[in-house]
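Colleague: This is the structure I have questions about; it appears just below.
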Amino acid sequence: MDVVEVIRRWQEGNSQRHIASGTGLSRDTVRKYLAAAVEAGVRQEGSEPTEEQLSWLLSLSRSGPREAVAPAEDLLESWFIVLVSSAETGTLGSAEWLIRGPPVLPGNMDVAR
């Protein structure tokens, strides 16, 4: 319902900064909601949004999990090859831990953390 509150405050004449501080939303979010409201035909001096406009606007503020994006396997594979070859030649430095794990130190010494 954040978008409805943003529109209500906007139509009352509040500034975007004032709306953001009053609702706890970021100014970018308020700006996004108001731009979408204007795109949907809502006007600051006009009447309240219609049910159709509200339905569309509420879909914008819906939180929750987003559609997962599959990793670019070919890119990951090429980076893995670079890491492995760097580790084999000893040019990886401290990032070598990513592949081989921390070095084993003699005696009771432990790895500094």
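The values are calculated or read from the model by the stated rules, or taken from the named source; none is laboratory data. Here the structure is a predicted model, which is why all the values come from computation and not from measurement. Here Cβ is always computed from backbone atoms with ideal geometry, including for glycine, and neighbour counts include all displayed protein chains. All accessible areas refer to the heavy atoms of the entire protein, side chains included, with ligands and DNA or RNA removed. Shrake-Rupley method; radii C 1.70, N 1.55, O 1.52, S 1.80 Å.
Colleague: In the stretch 15-53, how many residues are in contact (Cβ under 8 Å) with a residue 12 or more places away in the chain and open to solvent by 100 Å² or more (accessible area, probe 1.4 Å)?
Modeller: Of the residues in the stretch 15-53, 4 are in contact (Cβ under 8 Å) with a residue 12 or more places away in the chain and open to solvent by 100 Å² or more (accessible area, probe 1.4 Å).
Colleague: Got at least one residue in the stretch 58-76 being modelled with pLDDT under 90 and buried (at least 16 other Cβ atoms within 10 Å of the Cβ)?
Modeller: yes
Colleague: Just for the stretch 1-14: of the residues that are at pLDDT 90 or above and open to solvent by 60 Å² or more (accessible area, probe 1.4 Å), which one is nearest to Ser55 (Cα to Cα)?
Modeller: Ranking the qualifying residues of the stretch 1-14, first place goes to Arg8.
Colleague: Right, here's the next one. So which residues in the stretch 22-57 are among the hydroxyl-bearing types (Ser, Thr, Tyr) and either within 11 Å of Val6 (Cα to Cα) or under 19 Å from the mean Cα position of the chain (by Cα) (or both)?
Modeller: Those that are among the hydroxyl-bearing types (Ser, Thr, Tyr) and either within 11 Å of Val6 (Cα to Cα) or under 19 Å from the mean Cα position of the chain (by Cα) (or both): Thr23, Ser26, Thr29, Tyr33.
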